[in-house]
Structure formats: structure tokens, C-alpha cells
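Report on the following structure.
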Amino acid sequence: MRLIYLPTFWTIVIDFIAWAIIHLGVVFILIRFPVDSFNPGSWLYRSRTWERNGDFYVKVFKVKKWKERLPDGARFARGRIFPKKRLEGRSGVYYKLFLQETCRAELTHWIIILFAFPFFLWNKTGVGFIMILYALLENLPLIIAQRYNRCRLRRMLDRRKTHLSGSKDA
């Protein structure tokens with residue numbers, strides 16, 4: 001049940017503007033948090049048994065086939081967002097930073113999904129559900145890619161620690 005009644009044209013305009021503000025606003029806020037605020041071992045980000053070290057995402061979602069086509073926000077906010085399209089370093093410090101940045105990106109997309117619910121305030125119920133579907137289709141692939149990348153990075157860090165045990169950079 002919508003609370004605000006608007007002509008269809010203005011409802012559509014407001015939907016587009018609202019999504020733009022939500023996407024940009026959530027990113028704007030979360031990039032201001034220090035990277036150390038994002039702990040890959042915390043409840044939301046830690047690996048689950050069912051993820052099978054990322055194999056779940058490869059087998060079920062075929063993530064390797066499409067993840068390179070996803071947009072990387074770093075292109076649009078140079079210097080403010082860590083590029084996650086490909087590995088650009090090999091040090092343990094770089095891998096740990098990348099891990100934390102995947103957490104920031106995942107949280108960003110979960111928050112954006114939550115913002116779909118207020119669309120019921122000015123949209124018809126059916127359109128409100130379409131907004132939820134849009135939010136899921138727009139953000140779940142990005143969340144899947146971040147979780148897959150985090151599994152890969154953890155494996156790389158574990159191998160690095162095994163080979164370089166005792167090194168400061170491991």
C-alpha cells in the first residue's frame with residue numbers, strides 16, 4: 001500500500017533519481033570509512049562451508065565466465081575506491097588490503113538492496129516488488145563476485161603464509 005500518490009511520469013522520474021542517489025550516496029558514505037573497519041573474519045564476510053573455497057560460485061553461478069564484465073566502481077572514483085577488477089600486486093599486504101576492500105564492496109551492495117523497500121511508499125505494490133527484483137539483480141552478481149574473490153584471496157594468502165612462514169610480508 002503506497003502512502004504517496006503521484007502521476008506515473010513523476011513516479012518513474014523519482015524512481016530513477018532515487019536509485020541514483022542511493023547508489024552514489026551509499027558509496028560516498030562507505031568509502032569514507034577506514035579500510036581497517038572492514039574485517040574479513042567478521043560474521044558477514046567470513047567464508048561459509050557451503051561456499052567450498054569459492055567452488056560453489058564457480059559451479060553454480062559460473063562466476064569465472066561473467067565476473068570480468070561487471071563494472072568496477074574504481075573507474076568512476078579514481079583514488080577513492082580500490083580497483084578490484086584484477087590483481088595489481090603480489091605482496092601479503094596488498095592481498096590483505098584487497099580482502100578488506102571486497103568486504104567494503106559487499107557491504108555496499110547489501111545496503112543498496114535494503115533501500116529497495118522504501119520504494120513501496122510511492123509505488124504501487126507490484127512496482128515495489130519490481131524495485132526489489134531490480135535491487136537483487138543489480139547487486140547480487142556483485143556480491144557473488146566479492147565473495148568469490150575473497151575465497152580466492154584467502155587461498156592465495158594461505159599459500160603465501162605456507163611458503164613464506166616467518167616473513168614480515170606474509
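No value in this document is a laboratory result; all are computed from the given coordinates. In this text, all values refer to a predicted model and were calculated from it rather than measured experimentally. Cβ coordinates were reconstructed from backbone atoms using ideal geometry, including for glycine residues, and neighbour counts include every protein chain displayed.
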>> Can you list residue pairs whose Cβ atoms sit under 7 Å apart, with the first residue in the range 108-131 being over 25 Å from Asp72 (Cα atoms) and the second being exposed (fewer than 14 other Cβ atoms within 10 Å of the Cβ) and β-branched (Val, Ile, Thr)? Count only pairs 6 or more apart in sequence or on different chains.
In response: Leu121/Ile4; Trp122/Ile4
> Any idea how many residues of the range 25-54 are aliphatic (A, V, I, L, M), farther than 19 Å from Lys96 by Cβ and in contact (Cβ under 8 Å) with a residue 24 or more places away in the chain?
Replying inline: 2
